[in-house]
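Below is one structure; the comments refer to it alone.
Please treat every number below as a calculation from the coordinates, not as lab data. Because the structure is predicted, anything quoted here is derived from the model rather than measured. Because the Cβ atoms are built from the backbone with ideal geometry, glycine has one as well, and the counts that use them run over all protein chains shown.
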Amino acid sequence: MRILLGMPRSFRGEELIWYRGLTVLGRKVLPVADPRGFLTAEELQRLEDENPGLLQTAGHPVGTSRHERERV
């Protein structure tokens with residue numbers, strides 16, 4: 001994956017929890033899942049422990065899902 005595009009403005013519901021954005025592979029546009037949308041904090045931490053830096057994105061600390069951050 002060379003580029004990650006933001007989700008179009010037409011996406012306004014729960015899908016914003018599940019997807020990081022869109023990418024282009026070949027001639028196809030594909031959604032990119034956000035593991036924070038469906039993994040528990042423990043699963044996220046294990047994933048990060050096994051793959052350092054994998055989940056590091058601006059404003060998304062490891063171990064918190066978007067759903068958890070939105071409830072605060």
Charge sum, other residues only, whose C-beta stays under 14 Å from Leu4's C-beta, Lys/Arg counted +1 and Asp/Glu -1: +1
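Summing Lys, Arg as +1 and Asp, Glu as -1, what charge do residues with Cβ under 15 Å from the Cβ of Leu54 carry, Leu54 excluded?
Values: positive: Arg20, Arg36, Arg46; negative: Asp34, Glu43, Glu48, Asp49, Glu50.
That works out to -2.
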